[in-house]
Amino acid sequence: MRELIEVDGTNPRSVLKALRAALDLSGPAVLPVLPAQNGHGADSEVVSSPRAESPHTVDQRVAVVVETSGSTGRPKRVALSADAVLASAAAS
């Protein structure tokens, strides 16, 4: 299992630094989070900032977790492996 951490999605440097470590498997998996807007945004019921005594974990292959809008209007989270992210970047 691998730790999952939230990263400030409004700070590109923080996201890129954390994503680089996640992609080379030397750091935790990353969940970029934007501030809540009008009561919508980061859903603290699913993932909150990890605590030392109880960190959130994901499968070892997961590098990044992203939120989609979801067809129901409720955000859904999708886990992407490092291989999937790198393959997509190479194909672009």
*Between beta-carbons, use under 15 Å as the cut-off and find the net charge around Gln60, counting Lys and Arg +1, Asp and Glu -1.*
-2
*Amide H partners (placed H, <5 Å) of Gly9, local residues excluded*: Val33, Leu34
*First select every other residue whose beta carbon is under 9 angstrom from the beta carbon of Pro32; then total the charges, Lys and Arg +1, Asp and Glu -1.*
-3
*Would you kindly state how much longer the chain becomes between Ala21 and Leu86 on full extension, computed as 0.36 nm times their sequence separation minus their alpha carbon distance, in nm to one decimal?*
22.1 nm
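Each value in this text was obtained by applying a stated rule to the coordinates, not by laboratory testing. The structure displayed is predicted, hence computed values, not measured ones. We place every Cβ from the backbone using ideal geometry, glycine too, and count neighbours over all the protein chains shown.
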